[in-house]
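All of the numbers you see were taken from the coordinates with simple rules; none came from a lab. Please read these numbers as outputs of a predicted model, since none were measured by experiment. FYI the Cβ positions are ideal-geometry reconstructions off the backbone, even for glycines, and counts take in every protein chain you see.
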Amino acid sequence: MTYTQLIELVIMRQIGIVGLKNTMDILRESGLAVGDDFRLVGKGGHDDLEKLMIKFKVKYGLVTVMGCKIAVGRKAREWNLALPQILK
Amino acid sequence: MSDAIDTTKAVEIAEKVYWIGFYDKGAGFHCNPYLIVDGDEAVLIEPGSVPHFPMVLSKVCKLIPFEKITKILVSHQDPDLCAGIPRFEELIYGCGGKCEIVTHSRASVLIAHYGVRSPFYQVDQNDWKLTLKSGRELTFIFSPYLHFPGAFMTYDSKTKILFSGDLFGAFSFDWNLYANEYYTEAMKAFHENYMPSNQILYAAMEKLDAYDIRMIASQHGSIINKDVKKYIDTLRNLDCGDYIFTQPKD
């Protein structure tokens, strides 16, 4: 399991919270692309996850961080992946 | 908001059952008050906060005279659903009406601190049901610790609507009155943060299996009007709460 999968988890969450169009806009601003199945095109890393979360927080507030923190934290713990500060 | 329903007006979600909230643009945390009109009485459900009072009031006053409200039903004591109660009481009593506040005894001792004047109808002291003058019965389903120790849901057997309190709520910047295909993710996000554990959530979802539910009307997020069982199963299996991080890893 990798950061790519954590980012995909965040993408699905944010589609639910801020909506499909708003999520796609943030992904474009972050330089990330997804396919029709919302899977990331290419790989994402720790820094991509951090940048993405910061962008959601800045534009839509803390609820977008709260909405991901537990689900992402649980997976990161399971897979021994270090989390960016914003998700700790 | 992407559905085409006019939310500037009350929306009749079932016969004489109204959503009386408003589109709170930019809020990630929508609140949903409801009104059941039954003959010559009405039940105001989760009426809302002080800042939301004018918007909720504007919808109630177009539907019924205030003295018709005989019950104010609140699933727990939080300010987003209870702080407006004294303002509604002023109007109800000012018109010569009177009402009861329907809630759990654990919530009633806290709701008293809002300065309410109405007597309490404590669901746990009344066999978990309330019969309206018409004979219509509201059944209360105890959902302790979700997220308050005295939380409960309300089932209206006439319309088969479950008024679920905070359960089935969601974080929702892109809010719609009715749940869309992405609602599950927004609902999971809310429950992970506000509900304590899967074990406790599971127990409440098991109770719902005994009811024929057509619609779930929650206090936050969107109304679930299809695939009800899918959403119940999602919560039944959801691992939620911060306690997860204190458990030893498998």
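What to note about this one:
- Under a 5 Å amide H cut-off, with hydrogens placed 1.01 Å from N, B:Ala179 pairs with B:Ile223, B:Ile224, B:Asn225 among residues at least 5 apart or on other chains.
- Its relative contact order, with pairs defined as Cα atoms under 8 Å and 6+ residues apart, puts segment B:137-250 at 30 percent.
- Neighbouring partner chain Cβ atoms per residue of A:4-14, average, 10 Å criterion: 2
- Under the combined filter of DSSP loop state and at most 11 neighbouring Cβ atoms within 10 Å, segment B:112-181 retains these trypsin sites (Lys or Arg not before Pro): B:Lys133.
- Cβ-placed point charges (K, R +1; D, E -1), dipole of chain B about Cα centre in debye, nearest 20: 500
- Among B:100-109, A:10-19, sorting by the average number of other beta carbon atoms lying within 10 angstrom of each residue, highest first, gives A:10-19, B:100-109.
- Sequentially through segment B:150-162, phi angles give Karplus couplings (6.51, -1.76, 1.60; θ = phi - 60°) of x, 5, 8, 10, 10, 10, 9, 5, 5, 9, 6, 8, 9 Hz, Gly and Pro residues having no value and appearing as x.
- Between the alpha-carbon centres of segment B:1-41 and segment B:182-243 there is a gap of 20 Å.
- Selection of GluC sites (Glu not before Pro), segment B:169-216, meeting DSSP coil and at most 14 other Cβ within 10 Å: B:Glu181
- Here the protein assembly as shown yields Rg over Rh of 1.00, to two decimals, using C-alpha coordinates and the Kirkwood radius.
- Per residue of A:67-78, other chain Cβ atoms within 10 Å of the residue Cβ number 4 on average.
- For segment B:168-176, the Karplus equation 6.51 cos²θ - 1.76 cosθ + 1.60, evaluated at θ = phi - 60°, returns couplings of 6, x, 7, 7, 7, 6, 9, 7, 10 Hz by residue, with Gly and Pro reported as x.
- Computed over segment B:188-248, relative contact order equals 54 percent, with contacts defined as Cα pairs under 8 Å that lie 6+ residues apart.
- In the protein assembly as shown, a dipole from Cβ-located charges (positive for Lys and Arg, negative for Asp and Glu) runs towards its positive end, and of B:Phe171, A:Val41, B:Ile161 it is A:Val41 whose Cα lies farthest in that direction.
- The distance between label points at B:Lys9 and A:Asn80 comes to 6.2 nm (points 7 Å beyond Cα on the Cα→Cβ vector).
- Normalised radius of gyration (Cα atoms, divided by 2.2 N^0.38 Å) for segment B:11-242: 0.94.
- Residues listed by number, segment B:82-105, amide nitrogen under 11 Å from B:Gln125 label point at 7 Å toward C-beta: B:103-105
- Relative contact order, whole percent, for segment B:11-242 stands at 17, derived from Cα pairs under 8 Å and 6 or more residues apart.
- Under the span-like rule (Cα at least 18 Å along the axis, Kyte-Doolittle mean at least -0.5), DSSP H helices of chain A: A:3-17, A:63-78
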